[in-house]
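Beneath this line is the structure, given in structure tokens, with notes to follow.
The values are calculated or read from the model by the stated rules, or taken from the named source; none is laboratory data. Remember, it's a predicted structure, so these values are computed and weren't measured experimentally. Please note: Cβ atoms are built from the backbone with ideal geometry, for glycine as well, and neighbour counts cover all protein chains shown. Note: accessible area is taken over every heavy atom of the protein model, side chains too, but ligands, DNA and RNA are not part of it. Shrake-Rupley method; radii C 1.70, N 1.55, O 1.52, S 1.80 Å.
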Amino acid sequence: MSLEPTIETDRLLDELQQLAAISDCPEPPPAVTRVVFTETDLKARAYLQGLYEDAGLTVRVDPIGNTFARWCPPSADADAPAVGTGSHCDAIPHAGMYDGTVGVLGGLEAIRALQREGFEPKRPIEVVMFTSEEPTRFGIGCSGSRAIAGVLSPEDLVKLTDDDGDDFDTVRQRAGFTGDLADVKLAEDHYHAWTELHIEQGPKLEKQNMPIGIVMGIAAPATFVFHVTGEGGHAGGVLMPERKDALCAAAEAIHSIEQFARSSPSPDLVATVGELDVFPGAVNSIPSKVRFTLDLRDTDADNRDQIAQAIHEDCNEMGLRRGVTITSETLNADPPAACDKAVIDAIEKACNDADLRWWKMVSRAYHDSLFMARLAPTGMIFIPCRDGVSHRPDEFSSPNEISAGVEVLALTLAELASS
Ligand code: GLV
Ligand code: MN
Ligand code: MN
């Protein structure tokens, strides 16, 4: 039977907008802030749960809030490894409304489209909403999918803390997620295949006028926290030769990080210092302590590690010269992921069946699929976003672009669930 799934685009857009309205951002949608385990996150989860139930899916929430909504009609072998799809609904402060949500609500709409078509899968199809893909609260990204894949053990999970000093375990329980953390890791054979639909978060598809990107691999991310300790003092009393200003040292470090990244042999290496805390933070007081983060990524993990090493050596030399101490911790330094040939082929066939042009590319952003690839054969479907903009309120993918992505996702799920 040749499938021609019809996507109910208006309904999907309405759902995306309703989800965007569940936000803590002081600005109205499309600006969105939705941080894991807040009241707002819980409201968004309740909204999604209602949609899953309306579609007749069976919902399971694991001990850390990863939510699995399963379609297992009589045609499917309930014991067979499932075909999985999904993404995240948390949003960094002052984000847009499409990052992650297109994969979760699009995954649901793909299943509904297959239901409307009368498609009979041979195995269950499951849409997943991962807890905390964004690093906003606990410092590392993808905590839900890391734990599912066994990359983050229960012992690692409880060590994560937020800015209030509350640990992950306390915060998840306060939010109503209980149960044994050892039960989060999924069995190796839980998924037959995994695929995630996501906006590109870069400009390439739009520039090539390509409706679909087929992801071949996901770049390797690393996150570090630097602590600079100098000497505080009176802004009027301490003369310049006597100063050990922690913020001036941090400024020099940040500038040289930019230089290292700009002169990297790999064009895909990117470095971002996105958080800076200054102590004591008074206009007339010399900063004595600074904390800053470094997000460093590359498609080439060896190059990333060499640049990280060079940055650390440079900081040590600069610290000695300025009389300040610079220490750092590595929060994560993950290897890249390669997508699976069979899943890539299924996506390519889906694009051809839907008569949509496609382009093979790497993902320079990370995604839950980086960790799902450790558990199951994995692929990703990208759609363009305007000017490549993401992690900003003006992030935008058009209704047609979203609809095309969901159609390809539906056809891919159907192909993967047909054997
Ligand atoms: C995901 O949000 C990323 O930062 O790549
Ligand atoms: Mn994001
Ligand atoms: Mn995302």
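Things worth noting here:
- For LEU331, the residues 5 or more places off, or on other chains, whose built amide H falls under 5 Å of its own are THR223, PHE224, VAL225.
- Contact order relative to length of the chain, as percent, for alpha carbon pairs under 8 angstrom and 6 or more apart: 23 percent
- ALA80/GLN309 FRET efficiency (R0 35 Å; Cβ-Cβ; nearest 0.05): 0.15
- Length gained when the stretch ASP302-LYS341 is fully extended (0.36 nm per residue, less Cα-Cα span): 11.7 nm
- Distances between placed amide hydrogens fall under 5 Å for ARG392 paired with GLY96, all partners being 5 or more residues away or on another chain.
- Largest mean-square fluctuation among GLY281, GLY100, GLY237, in a Gaussian network model of the chain whose springs join Cα atoms under 10 Å apart, belongs to GLY237.
- Taking packing as the residue-averaged number of other Cβ atoms within 10 angstrom, the listed peptides 84-96, 404-416, 3-15 run from highest to lowest as 404-416, 84-96, 3-15.
- Kyte-Doolittle mean at least 0.5 and Cα axial length at least 27 Å: DSSP H helices in the chain: none
- Ranked by how many other beta carbons lie within 10 Å on average, peptides 216-225, 121-130 from highest: 121-130, 216-225
- Mean separation of Cα contacts under 8 Å, 6 or more apart, over the residue count of the range 220-333: relative contact order %: 45 percent
- Computed over protein heavy atoms with a 1.4 Å probe, the accessible surface of the chain works out to 42 Å² per residue.
- Database remark: amide H of ILE212 closer than 5 angstrom to the amide H of TRP359 (H placed geometrically; neighbours at sequence offset of 5 or more, or on other chains; Pro and chain starts carry no H).
- The value of relative contact order for the range 1-108, using C-alpha pairs under 8 Å at least six residues apart, is 29 percent.
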